[in-house]
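Input: a single structure, listed below in structure tokens.
The values are calculated or read from the model by the stated rules, or taken from the named source; none is laboratory data. Remember, it's a predicted structure, so these values are computed and weren't measured experimentally. Cβ sites come from the backbone with ideal geometry, for glycine too, and all protein chains shown count toward neighbours. When the accessible area is computed, the model is the full protein with side chains, heavy atoms only, and any ligands, DNA or RNA have been set aside. Shrake-Rupley method; radii C 1.70, N 1.55, O 1.52, S 1.80 Å.
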Amino acid sequence: MHDHPTDNAALQFELLFDNPFLHSSTMLRKTSLDAVGGYSTDRSRQPPEDYELWSRLARRYKVANLPERLTIYREMPRSLVAGRIEPIPGKARVDFVGEPGACGWDGVPDQRHRDVAALIHNAYQMISGKHDIDGMCRVIAQAGARIHAGVPGSDVSERVAVRIGSLLLKYRLRRAGLHRLRPVVGFCVVISVAPRPRN
């Protein structure tokens with residue numbers, strides 16, 4: 001079951017990191033699709049061509065999800081998402097985030113934005129050698145503040161805190177060499193990465 005945000009502000013923020021829309025259930029005006037140029041035909045941007053399209057649409061129009069679950073779909077063993085923790089390869093998402101105007105980040109995305117995408121999507125090999133975790137947290141906070149300012153009653157501030165917390169956890173796990181651990185369905189393992197106090 002997938003429960004995605006329903007309001008425009010939350011969706012604008014979540015689009016910075018991932019695709020909060022179920023492609024087979026999406027409805028939109030053809031004039032809106034035409035106005036943003038439709039799906040990208042550039043093979044280097046596929047996948048995630050739907051994510052890229054929703055990001056362009058959301059920069060120009062308000063977007064929403066319905067709160068009800070209205071679509072059922074079946075994942076086949078050879079489908080893109082079947083059996084993967086990360087449905088779209090991290091490299092594709094990192095490359096997409098690094099493009100000018102991608103995902104709605106303020107200004108032209110730089111290495112901090114690509115490092116955020118690499119950490120969030122477990123593409124650790126793509127993190128820059130001189131990564132700036134404080135700078136990564138700052139760009140998330142700035143994007144969230146910009147979106148929240150337009151809709152003061154939104155939950156974007158809470159979403160910012162969750163995303164920064166998740167980013168910091170992945171960063172610490174990577175530094176501790178624990179990022180290669182894979183989650184096991186049905187089990188929850190809590191790992192402390194804080195140094196032990198010396199006696």
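List of remarks:
- Test for GLY153: is it under 14 Å from GLN12 (Cβ atoms) and either at pLDDT below 90 or not hydroxyl-bearing (Ser, Thr, Tyr) (or both): no
- Residues of the stretch 122-171 satisfying the condition of being more than 16 Å from the chain's Cα centre (by Cα), among the aliphatic types (A, V, I, L, M) and exposed (fewer than 13 other Cβ atoms within 10 Å of the Cβ): ALA149
- Residue within the stretch 16-25 that is in contact with a Gly (Cβ under 9 Å, 6 or more places away or on another chain), at pLDDT 80 or above and either part of a loop (DSSP other than H, G, I, E, B) or under 30 Å from CYS137 (Cα atoms) (or both) present: yes
- If you check ARG69, ARG74, ARG29 for being at pLDDT 90 or above, more than 23 Å from ASP110 (Cα to Cα) and either in contact with a His (Cβ under 8 Å, 6 or more places away or on another chain) or open to solvent by 30 Å² or more (accessible area, probe 1.4 Å) (or both), only one passes: ARG29.
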